[in-house]
Amino acid sequence: MPNHSKTSDARFWTRWRLSGAVATVVRSVKIVLPNRSELLELFRTKDGPDEPLPGVIAIGGDFYVKSQAALDALLAALHVIGYKVDNLREADYRKRDGVSVKRMEKKGRSLWFGSLNIRRGKCNSCRNFIEVTGIKSHGHKCESCSAVTYYKIIDGSMIRFRFQRNNSKDWGMADISMKAKRWDVEAGYLYLYPEVTGGLWLREDKVQAYLDANSDKWEMVEENGHRLIRVRYSGSYRLEDSDITTIDIHGHHWNHKIVLVWEGQEYDEWFSDFPVRQSVNIYEAWHWAPLPASPEVHKMVLGSIGSNDNKSWHLQDGTRWFTPKMFAEMGKFIRHFTTLDADAWDSASKQFRIDGPGGIDDIAAFCHPKFASDFARVMEATMTR
């Protein structure tokens, strides 16, 4: 296994940044990088180059590196841009699941994960940026102005729920909907208006009977002239702390939004054209590439765009799944990391079926002689369209 100790050491990057240099030495190899503004251009998501650094290929939003030297340069560039990069060889889940590093390398698993710390909450009262941790907890307050950022349940919220430990097996998955008055989180009680309506699994004429059948789990109380039903509800995952399980809640109090903050600019949480990748997987391709034609290689090709060969997952009615962009991204994987004919792919993939099952079959047929006869028939049929 390569020695990653130096590039994993935070002190290395601190010294590198403080030096103000655009070059460094890792394992006796000099790395020369563009300045940060040029790196941002190279690593932009829209119309960025296929090979932002020598030996680093951008495919499907991730990076595949061809050599240790290319990896060192990529890690250096990502740190300069501002990514936090985790070495997945040291990941807890790998150790917990007993997956060896050698297996991760040979099977083409992601070995590094980079992410930007850009998600922020924004209080609607003071307009300040705040931490996102706990921002959607009932009664959470802004650390800047103390305004409540979120209430899960307010007066008028509609709550669909079922009682725990039904008193009769006849009710099965029965559920009902009721309007909330308030939620006393500290005491662990939910106060509901007494009117009850049907849920998803119970007819309207049965809802009152269902409520009455579980009368040992609630009580009628009076509060400020209103008759209310009070039922135990903690909101936690501990079933013993509640007498109901909520299925759906409509009507919250929102006093915040989630935004992305990057280079002094604020973006919507779901902004589709964010300037750089918000997160990225890094694959050390030299452990397994180039891949020869085989009955399995199409799985790696599909995986390069975050897809797989499970045809049953897709609609079976010819609905479009694949796009020209997807075929182009897979073409980069074929060109750089397999022994297959990439020029032939560029031509043939224009004729591939675009529905999920059909496209998967065409990709598999291209990737191995086992499927050659099927592939020939597909090409013959498509040429007559």
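Computed from the coordinates by the stated procedures, all read-outs in this text should not be read as laboratory data. Bear in mind the structure is a predicted one, so any value in this text is a computation, not a measurement. We place every Cβ from the backbone using ideal geometry, glycine too, and count neighbours over all the protein chains shown.
Result for the chain in a Gaussian network model with C-alpha springs under 10 Å: among Arg109, Arg120, Arg182, the largest mean-square fluctuation is at Arg182.
In the structure shown, the pairs Lys107/Lys332; Lys141/Lys179; Lys122/Lys325; Lys299/Lys350; Lys181/Lys257 are assessed against 23 Å; a Cα-Cα span above that value is assigned to Lys141/Lys179; Lys122/Lys325; Lys181/Lys257. In straight-distance terms, cross-link reach from Lys311 covers every one of the aspartates and glutamates whose alpha-carbon lies under 14 Å from its own, apart from those fewer than eight places away in the same chain; here that gives Asp355, Asp361, Asp362.
Per-residue packing, averaged as other Cβ atoms within 10 Å, sorts the ranges 327-335, 247-255 into the order 327-335, 247-255, beginning with the highest.
Largest first, the three principal axis extents of the alpha carbons in region 167-318 are 74, 48, 33 Å in whole numbers.
Could you tell me whether region 233-285 comes out rounded, prolate or oblate from its Cα gyration tensor? Rule is a ≥ b ≥ c as square roots of the eigenvalues, rounded for a/c under 1.5, then prolate if a/b exceeds b/c, otherwise oblate.
On the way: a/c = 3.90, a/b = 1.83, b/c = 2.13.
Oblate, because a/c is 1.5 or more while a/b does not exceed b/c.
Remark on the chain: Cys367 stand apart, with no other cysteine beta carbon under 4.7 Å. Remark: the chain carries a charge dipole of roughly 1000 debye about the Cα centre, counting +1 on each Lys and Arg Cβ and -1 on each Asp and Glu Cβ.
Rounded to the nearest 500, what is the 222 nm mean residue ellipticity of the chain from helices alone, with -39500 (n - 2.57) per DSSP H run of 4+ residues and division by all residues?
Values: 11 runs with 102 residues, N = 385.
Helix contribution divided over all residues of the chain: -7500 deg cm²/dmol.
If you take the square roots of the eigenvalues of the alpha-carbon gyration tensor of the chain and sort them as a ≥ b ≥ c, do you get rounded (a/c under 1.5), prolate (a/b over b/c) or oblate? Since a/c reaches 1.5 but b/c is at least a/b, the shape of the chain is classed as oblate. From most to least packed by mean Cβ count within 10 Å, the peptides 279-288, 135-144 give 279-288, 135-144.
Could you order peptides 146-159, 204-217 by the average number of other Cβ atoms within 10 Å of their residues, highest first? Intermediate values should be presented prior to the final figure.
On the way: 146-159: 17.2, 204-217: 14.7.
Order by mean packing, descending: 146-159, 204-217.
With R₀ fixed at 35 Å, the C-beta to C-beta distance from Asp268 to Arg320 puts the FRET efficiency at about 0.85. Neighbours of Asp216 by Cβ distance under 14 Å: Lys/Arg scored +1, Asp/Glu scored -1, total +1.
Taking a straight line from the alpha carbon of Lys106, these aspartates and glutamates sit under 12 Å away, with near neighbours fewer than eight places off in the same chain left out: Glu284.
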